[in-house]
1. Just to check your reading of the model, which residue among Val85, Val61 is β-branched (Val, Ile, Thr) and closer than 26 Å to Ile188 by Cβ?
2. Restricting to the stretch 34-44, give me the number of residues that are at pLDDT 85 or above and surrounded by 13 or more Cβ atoms within 10 Å (Cβ to Cβ).
3. Got at least one residue in the stretch 172-193 being closer than 30 Å to Leu117 by Cα and of a type outside the set (Val, Ile, Thr)?
4. If I go through the stretch 112-138 residue by residue, how many of them are assigned to a helix (DSSP H, G or I) and under 18 Å from Asn220 (Cα atoms)?
5. Please work out if Phe201 is assigned to a helix (DSSP H, G or I), under 15 Å from the mean Cα position of the chain (by Cα) and on the phi < 0 side of the Ramachandran plot.
6. Any chance the stretch 246-256 includes a residue that's small (Gly, Ala, Ser) and assigned to a loop (DSSP other than H, G, I, E, B)?
7. Would you confirm whether or not the stretch 45-68 contains a residue that is over 22 Å from Val214 (Cα atoms), of a type outside the set (Asp, Glu) and crowded, with 18+ Cβ neighbours inside 10 Å?
8. Out of everything in the stretch 139-178 that is among the aliphatic types (A, V, I, L, M) and assigned to a loop (DSSP other than H, G, I, E, B), what residue ends up being most open to solvent (accessible area, probe 1.4 Å)?
Amino acid sequence: MRRRPSFSGAMLILGLVFLYLPMAVLVVYSFNASSLVTVWAGFSTQWYAELLHDEQILAAVWTSLRVAFFAASAAVCLGTLAALVMTRFARFRGKTVLASMVTAPLVMPDVLIGLSLLLLFVQMAALTGWPADRGMMTIWIAHTTFGSAYVAVVVAARLREMDRSIEEAAMDLGSPPARTFFAITLPIISPALAAGWLLAFTLSLDDLVIASFVSGPGANTLPMVVFSSVRLGVSPKINALATLVILAVSLATFVAWYIMRRREKKRRAARRMSG
């Protein structure tokens, strides 16, 4: 007797179809020969060739990748420090306020974050003369600001689940706190650091609202260029660009998952041998 799919299984399938069917349609229509994105006129790769010759889009891609890389790297450093303060330090005056301020960007609308940062940069330029022009630097600061909040939440969750007896044993054997962190704590929380970096990188690469507030002439990110081009009419080159982005993100996610999976297997095997 054939087993009927459960309600949860059916809902899971419907949810996956709802999420990924539009992406599949977008990928298919990126190979459309027609200049109209809704009319199929045969298979063609001409839009990929035109995309590679579009200097505006290529410059925006390079700008977004640079900003996202440096913003994610800075967010991991700041977010990890904030997570250590929230989980490892004893209770001190203002700890609750600090934790609330660290996680505030998670619930604040992007419009408010972008407007507040714009006003901050304008006042700083009036008082100190910096920044003289808004561009990649201001976008990087803005993306680091809200990316640190996401990294702090991810790393703090990993630190709370970590067995602190390993750190205490290392320090009892004479290891200083700094060496204990780099030799014991950092390898254990490395999956959380990688996940936080990828999350911050993706959020920076995807941001449109905040970057629109804090950017200046000559510093256009990829979402800004795509949004401005879509307002004038959807070009098939946008489908080709989206397909390449989906491919790159999927490959990066798979590689990160594979590396973390291998490390976790090695760690479990080492624990079994030591036990």
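The values are calculated or read from the model by the stated rules, or taken from the named source; none is laboratory data. This is a predicted model, so every value here is computed, not measured. When we count neighbours, we look across all protein chains shown, and the Cβ atoms used for this are built from the backbone with ideal geometry, even at glycine. Surface accessibility is based on the protein's heavy atoms, side chains included, excluding ligands, DNA and RNA. Shrake-Rupley method; radii C 1.70, N 1.55, O 1.52, S 1.80 Å.
1. On the way: Val61 fails: closer than 26 Å to Ile188 by Cβ.
When all the criteria are applied, what remains is Val85.
2. Residues meeting the conditions: 1.
3. Yes, there is a match, as at least one residue in the stretch 172-193 is closer than 30 Å to Leu117 by Cα and of a type outside the set (Val, Ile, Thr).
4. Of the residues in that region, 8 qualify.
5. yes
6. So far as the stretch 246-256 goes, no, none of its residues is small (Gly, Ala, Ser) and assigned to a loop (DSSP other than H, G, I, E, B).
7. yes
8. My answer is Leu173.
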